[in-house]
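Working notes, structure below.
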Protein chains: 2
Amino acid sequence: MTADPLPSWNDCAAKRGIVSFLAHVTDDASPGFVPLPERVAVFDNDGTLWPENPIPFQAAFGFHELCRRVAAEPELSASPMVQAALAGDFGALVADGYAGLREVIALSHAEITTDAFRDAVETWLAAARHPRFGRRYDDLTYQPMRELLRLLDDAGFKNFIVSGGGADFMRVWVERVYGIPHERVVGSAGRASFALRDGVPVLTKSLDHLFVNDKEAKPAGIHQFIGRRPVICCGNSDGDHAMLQYTTIGNPRPSFGLIVHHTDAEREYAYDAVTKSTGKLVAALAEAPGRGWQVVDMKRDWNTVFGPAGS
Amino acid sequence: MTADPLPSWNDCAAKRGIVSFLAHVTDDASPGFVPLPERVAVFDNDGTLWPENPIPFQAAFGFHELCRRVAAEPELSASPMVQAALAGDFGALVADGYAGLREVIALSHAEITTDAFRDAVETWLAAARHPRFGRRYDDLTYQPMRELLRLLDDAGFKNFIVSGGGADFMRVWVERVYGIPHERVVGSAGRASFALRDGVPVLTKSLDHLFVNDKEAKPAGIHQFIGRRPVICCGNSDGDHAMLQYTTIGNPRPSFGLIVHHTDAEREYAYDAVTKSTGKLVAALAEAPGRGWQVVDMKRDWNTVFGPAGS
């Protein structure tokens, strides 16, 4: 008898579904056999592999950096948008076509070298603690999903992150935490610029040609970075709706869609149509039964959410 | 005695250099040991892995598609830029900030679904023959470079294409020809758009936010797609100069730069400062000795260029 590869999952339709799907697509005598190069699985990150409450973790980083910069350069606080951010008025930031949000994000995510940005993320990760759980942010990934990543990896799948989060932000920690190499991270990004500074190569971040990898942009990002249609897609919100459709509708290969439904206010958070952060889930949830997408009821289907600290 | 892993290479500094570099970086007792996740090698394509004469192969495809479209839609030939392209007047196309070239490229590379584009490339590849060599274009890759790709793969390196060519164009054939998976192709690309058409997902190509992966954009493309600094970089022109610098200058890991110098008019082509196609090589060649970049003299250093047909 083989050990259960998904011990943090209770017996449920999603667990049975993925196990039987993998048996089907990896059996070269099966009509649904998927050759190795086509075994592509895509995962949203915020709300799918780690929480997005009380605010997306990258926003917590950005806010921390903003406070640090304003402390050092008080003249920055003359900007109404910086004032809005410091007051937590996100409504003001996203009015007027996200101009305010863009201005505030630029203060931590642009005109900085890629090396300095990586160092800033590492410094923040080492010191910051989640306000509710009191743990490092990168110690709060979902144990059941880490088990799923491992199971897919063992089945010859390539796991990719396809997230609205910044690629540069995620690459600092995804390899260590998920075992996913840098080139399998598809995220939001502006174009960096290259120059020799004092004879040494530097790349400087910018928000130019910003690619926001969310909603309908996710299939486009998958095409641009991965160049193949996935056969497995895991998400948690309407931001993942288009990539769930792209993965499962009319795919000549067998396909598998999964939605993490946040139903566990006690151990994590409970939200779908109404959310205080990101992660609104209405349209994708309504479409799930008809498409055969598995909906994970976090409270019912997962016996563990985070696992012990440092696991 | 081990078989020579690079039999198409004569004994030369570049060959000795790469073999000794690999021994150094894969020996975990060596101070220059490079851990597996950091073994990233980047290769230009046009002029480095296959020829770029008499015109870049993708331009041959584009011209073929243009003729096909004009035959079916003669009204297209009313455009002065289409007339210039049909007359081979590339000067007119690149005047005025490449506006003409962009218009002509759009006729074959935009407002077409990604699936239809892939089919068009496959159809062209199957029928087209190189005007001088009379062989399929994808049967004209350099055998010595295919041996090098294989040697690096065996040494635990991930090989990436980093080319000014279109990612969608290259992904049709690179896996079959080089053994390089789709997600390791960094190329020029516009943003595709996603929609359900009659209930079926389609991605439509566009030239919006066109990323031209050449010169200083190559290190930026490497950062955006690969997210790691390479330790090996192979190119052939000043278009690869910036990525050679990014790979080798101030890299905390050992690094290796290589330039394919086209010196063989008899078996292939001979050009550097003056070229009838792309591939101008002046600045990178001048910098090579000081940086320790190996320069391959194609005529002297390669005993085979293409190998037998269908190899």
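Please compute, for peptide A:180-191, the average count of beta-carbon atoms on other protein chains lying within 10 Å of each residue's beta-carbon. Write out the running numbers ahead of the final one.
Working: counts 0, 7, 8, 12, 2, 3, 3, 2, 0, 5, 2, 7.
Partner Cβ neighbours, averaged per residue: 4.
List, shortest first and in nm to one decimal, how far the label point of residue B:91 (7 Å from Cα along Cα→Cβ) is from its counterparts in the other copies.
Nearest to farthest, the other copies are at 6.3 nm.
How many angstrom separate the Cα center of segment A:196-210 from the Cα center of segment B:226-296?
One Cα centre to the other: 21 Å.
In segment B:5-105, if every C-alpha pair distance is counted and binned at 10 Å from zero, what percent goes to each bin?
Whole-percent P(r) values from 0 Å outward: 12, 27, 19, 12, 19, 9, 1.
Pairs on different chains or at least eight residues apart, Cα atoms closer than 19 Å: how many lysine pairs in chain A fit?
On the way: A:15/A:299; A:158/A:218; A:215/A:276; A:215/A:280; A:218/A:280; A:280/A:299.
Step by step, the pairs that qualify in chain A add up to 6.
In whole Å, how far is the Cα centre of segment A:59-77 from that of segment B:1-47?
Each part reduced to its Cα centre gives a spacing of 46 Å.
Rounded if a/c is under 1.5, else prolate if a/b is larger than b/c, else oblate: which is segment A:76-132, with a ≥ b ≥ c the root eigenvalues of its Cα gyration tensor? The partial results should precede the final answer.
Numbers: a/c = 2.41, a/b = 1.47, b/c = 1.64.
It is oblate, given that a/c is not under 1.5 and a/b is not larger than b/c.
Taking the Cβ of each residue in B:67, B:12 as the centre, tally the other Cβ atoms inside 10 Å and list the residues starting with the fewest.
Neighbour counts put them in this order, fewest first: B:67, B:12.
Find every distance from the label point of residue B:212 to the corresponding label point in the other copies (7 Å from Cα along Cα→Cβ) and write them in nm, one decimal, shortest first.
Those separations, rounded to one decimal, come out as 2.8 nm.
What are the extents of the Cα atoms of segment A:1-58 along their three principal axes, in Å, largest first?
Largest to smallest, the principal-axis extents are 47, 29, 18 Å.
Between copies, how close do the residue B:156 label points come, placed 7 Å along Cα→Cβ, listed in nm from shortest?
Inter-copy label distances (nm, one decimal, shortest first): 2.4.
From other protein chains only, count the Cβ atoms within 10 Å of every residue's Cβ in A:207-219, then give the mean.
Rounded to a whole number, the mean comes out at 2.
Would you mind estimating how fast chain B diffuses translationally, via Stokes-Einstein at 4 °C and 1.567 mPa s with the Kirkwood radius over Cα pairs, in µm²/s?
63
If you wrap segment B:198-279's Cα atoms in a convex hull and average its projection over all directions, what's the area in nm²? Could you put the intermediate results ahead of the total?
On the way: hull surface 36.8 nm².
Averaged projected area of segment B:198-279's Cα convex hull equals 9.2 nm².
Express as a percent, rounded to the nearest 5, the fraction of DSSP beta bridges in chain A (both residues included) that run antiparallel. Please report the intermediate quantities before stating the final value.
On the way: 10 of 29 bridges.
Within chain A, antiparallel bridges account for around 35 percent of the total.
List the relative contact order of chain B as a percent without decimals, with contacts defined as Cα pairs under 8 Å and 6+ residues apart.
Values: 498 pairs, mean separation 75.4, N = 311.
Contact order relative to length: 24 percent.
Could you put B:271, B:98 in order, starting from the residue whose Cβ has the fewest other Cβ atoms within 10 Å? List each step's numbers first, then the result.
On the way: B:271 22, B:98 13.
Least crowded to most crowded, the residues run B:98, B:271.
What's the minimum Cβ distance from chain A to the axis relating it to B, in whole Å, and which residue gives it?
Reported as residue, whole Å: A:209, 2.
State the dimensionless ratio Rg/Rh of segment A:42-176 (Rg: radius of gyration of Cα atoms; Rh: Kirkwood radius). Show your work: numbers first, answer last.
On the way: Rg = 16.4 Å, Rh = 16.3 Å.
With Rg and the Kirkwood Rh in hand, the quotient comes to 1.01.
Ranking A:202, B:104, A:282 by Cβ neighbours within 10 Å, fewest first, what do you get? Walk me through the numbers on the way to the answer.
Working: A:202 18, B:104 24, A:282 13.
Going from sparsest to densest Cβ surroundings: A:282, A:202, B:104.
So in segment B:156-311, what percent of DSSP beta bridges are antiparallel if you round to the nearest 5?
Values: 8 of 19 bridges.
Once the DSSP bridges in segment B:156-311 are tallied, antiparallel ones form about 40 percent.
Against the empirical 2.2 N^0.38 Å scaling, what ratio does the C-alpha Rg of the protein assembly as shown come to? Present the calculation step by step, with values, prior to reporting the outcome.
Details: Rg = 25.4 Å, N = 622, 2.2 N^0.38 = 25.4 Å.
So the protein assembly as shown has a normalised radius of gyration of 1.00.
Based on a Kirkwood Rh over C-alpha pairs, give the Stokes-Einstein translational diffusion coefficient of segment A:146-215 at 25 °C and viscosity 0.890 mPa s in µm²/s. Display every interim value, and only then the final one.
Numbers: Rh = 13.7 Å.
Using the Kirkwood radius from Cα pairs, D works out to 179 µm²/s.
Every number here is computed from the coordinates shown, using simple stated rules; none is lab data. Keep in mind that what you see is a predicted model, and the values were worked out from it rather than measured. Counting neighbours? That spans all protein chains shown, and the Cβs are built from the backbone with ideal geometry, glycine included.
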